[in-house]
Every structure is written in C-alpha cells, then in structure tokens.
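Colleague: Following this message is one structure expressed as structure tokens.
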Amino acid sequence: FLLWLLVAVSSNFPTNRTHLLQLGLLGWLNPGISYTLSLIGLTTTSVSISTLLWATEPVLILALARLLLGEQLTPKLITFSAIALFGVILIGGSTLVDSTGGDLYGSSLILLGVLCCAFYTVFARRFGSEFNPLFAVALQQSYALIWVLAIWPFELNRTGVESLRNLSMADWVRAGTSGILYYALAFWFYLTGLSRVSAGVAGACLNLIPVFGISGAVLFLHERLSLIQWCGAMAILLAIFAILLSQARAQNQ
C-alpha cells in the first residue's frame, strides 16, 4: 500500500505497458520463490552453510550476466569480485568452523533460492530504465503478495493462526518496519542502481551485505569481531571500491 501511495503521489505510472506482466512476475522470483525455497531449506541446514551458499550469488550473477546479457567480464571485475568473495568467507569463517552442517535436500533448496535471486538481477537489468524503479518495486511486491497468499493456506494448515494471535503490537510494528526497510526501500534502491550499472557490478556490491550485518551487530548488539573478520570486511570494502572506481573511469572514457 505504501509503495503504491508513493507511486500515485509521484505520478510514476509507465506510458509503455507492453512488458508489465514480465516485470511483475519478477516478484515471484524474488522475494517469492527465492525466499520460500531458502526458508524451507534453512529448516534442515545450518545458518553457516546457508550463509556460504548465499555468498555464491554474486558469482552466479556474473556468469548469468555473461550468458544472458552478453556483459563483458573484465579481468578487474573478476579479480576484485573474487577478493570480495574471499572477504565474505573470512567474515563467516568463525561460524563455518562451528557448523552443524545440513542435508543435501536443504542445501539444494537454498542454492535454488540463490539462483532465483541471481536470475532476478539479470532479468531486471534487461529492463534497464524502461520502467521507473519505484513503480517496478510496487508492481513486483504486489505479485509477491499474490505468491504469499497462494502458499499461506499450507502454513495455516500446519501451524494454525495461534502464532499470529500471540504477536504483540510491538511485534507487528517491528515486522512492518522491517518490511518497509527491506522489501520497499532496499528493493527500490537496488533497482535504481541496477538501472545505471551492469548486472555484474550490482552483483558484486551484494558482497557488502555481511559488512553491513556485522556493522549493525557491533553498533547495536555490542558484538566483537575477530581479527580475521575485520580483515574480511576490509577486503570486501576495498574490492567494491575498486570495482566502482573502475566502473566510473570506464563510463568517463
């Protein structure tokens, strides 16, 4: 509702409506199918293994962008993306050591969810600036809502509605706030950036997710990081900075 209200206020309705269905269906890919598969897989797979599998998303985006969009993978982009991936592994290294593992079924579901996200980035990049990012997010999240309503009866049959009734008002506020931050603002910012850079560069920036995560843990939860995790965070930051600097120089030439 909030997204459509912003679309109406800003008058960002598209004039070209030939690809609206394809644009909306991307919401079934991400967050629809992707998060459904990932959450189911997480029930039988450790968080550390899930983190490692999600770290492959930028690599998958690079490969799909080359195959489906014909994007050129420069040696710099490949090298710095590999450095960023190494940094992600360093950050999650402490949890991987303590991993309780998981079965092949759960890991496969999570990997399929990651692949859906990678396809989402590549397909969304195909639209370029054809649609306003705000309108695109509103449409895609509406389709995602349809997906949620379609699978919700299966969850209700398993657990009932007692879990929802037991939620306090504070829980609903926190859930609504997190939804606005992630499913509205984050997707909006991501599609805006994706309309201006290649899918490979956008995918490489996803390596920053664990950096933001551990930064929040340090600031708000007062957690401490190991030296290896600090090194991993610095590797990611330097690699992404180098990628963006290289992208800016290429655009200015």
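The values are calculated or read from the model by the stated rules, or taken from the named source; none is laboratory data. Values in this document were obtained by computation on a predicted structure and should not be read as measured data. Please note: Cβ atoms are built from the backbone with ideal geometry, for glycine as well, and neighbour counts cover all protein chains shown. Heavy atoms of the whole protein, side chains included, go into the accessibility calculation; ligands, DNA and RNA do not. Shrake-Rupley method; radii C 1.70, N 1.55, O 1.52, S 1.80 Å.
Colleague: I'd like to verify a number: residues in segment 24-52 that are surrounded by fewer than 16 Cβ atoms within 10 Å (Cβ to Cβ) and more than 19 Å from the chain's Cα centre (by Cα), how many?
Modeller: Final tally of qualifying residues: 2.
Colleague: State whether the residues of segment 213-225 include one that is in a helix (DSSP H, G or I), charged (D, E, K, R) and exposed (fewer than 12 other Cβ atoms within 10 Å of the Cβ). Even if it seems obvious, please write down each step before you answer.
Modeller: Just the residues of segment 213-225 that are in a helix (DSSP H, G or I), to begin with: 213-220.
Applying the additional criterion that residues be charged (D, E, K, R) yields none.
Scanning segment 213-225, I find no residue that is in a helix (DSSP H, G or I), charged (D, E, K, R) and exposed (fewer than 12 other Cβ atoms within 10 Å of the Cβ), so the answer is no.
Colleague: Then there's this: Sort through 177, 192 and tell me the only one that's more than 30 Å from residue 76 (Cα to Cα) and assigned to a helix (DSSP H, G or I). Before you say what the answer is, go through the steps one by one.
Modeller: Details: 192 fails: more than 30 Å from residue 76 (Cα to Cα).
The unique qualifying residue is 177.
Colleague: I would also like to ask the following. Looking at 131, 123, 154, which is the one that is outside any helix (DSSP H, G or I), aromatic (Phe, Trp, Tyr) and either without any contact (Cβ under 8 Å) to a residue 12 or more places away in the chain or under 30 Å from residue 15 (Cβ atoms) (or both)?
Modeller: Working: 123 fails: outside any helix (DSSP H, G or I); 154 fails: outside any helix (DSSP H, G or I).
It is 131.
Colleague: Now for a different question. Just to be sure before I move on: is residue 101 in contact with a helix residue (DSSP H, G or I) (Cβ under 8 Å, 6 or more places away or on another chain), modelled with pLDDT under 85 and open to solvent by less than 60 Å² (accessible area, probe 1.4 Å) in the structure I sent? Walk me through how you get there before you give the answer.
Modeller: Numbers: in contact with a helix residue (DSSP H, G or I) (Cβ under 8 Å, 6 or more places away or on another chain): yes; modelled with pLDDT under 85: yes; open to solvent by less than 60 Å² (accessible area, probe 1.4 Å): yes.
Against the criterion (in contact with a helix residue (DSSP H, G or I) (Cβ under 8 Å, 6 or more places away or on another chain), modelled with pLDDT under 85 and open to solvent by less than 60 Å² (accessible area, probe 1.4 Å)), residue 101 qualifies.
Colleague: Given the structure, is residue 21 over 14 Å from the mean Cα position of the chain (by Cα) and open to solvent by 70 Å² or more (accessible area, probe 1.4 Å)?
Modeller: On the way: over 14 Å from the mean Cα position of the chain (by Cα): yes; open to solvent by 70 Å² or more (accessible area, probe 1.4 Å): yes.
Taking the combined requirement at face value, the residue satisfies it.
Colleague: Exactly one of these conditions fails for residue 68: (1) closer than 21 Å to residue 128 by Cα; (2) in contact with a Leu (Cβ under 7 Å, 6 or more places away or on another chain); (3) modelled with pLDDT of 90 or more. Give me its number.
Modeller: Single failed check for residue 68: (2).
Colleague: Of all helices (runs of 4 or more DSSP H) completely enclosed by segment 1-46, which ones contain at least 2 residues that are of a type in the set (A, V, I, L, M, F, W, C), within 14 Å of residue 131 (Cβ to Cβ) and in contact with a helix residue (DSSP H, G or I) (Cβ under 7 Å, 6 or more places away or on another chain)? Can you show your working first?
Modeller: On the way: elements: 2-10, 20-27, 34-42.
Result: 2-10, 20-27.
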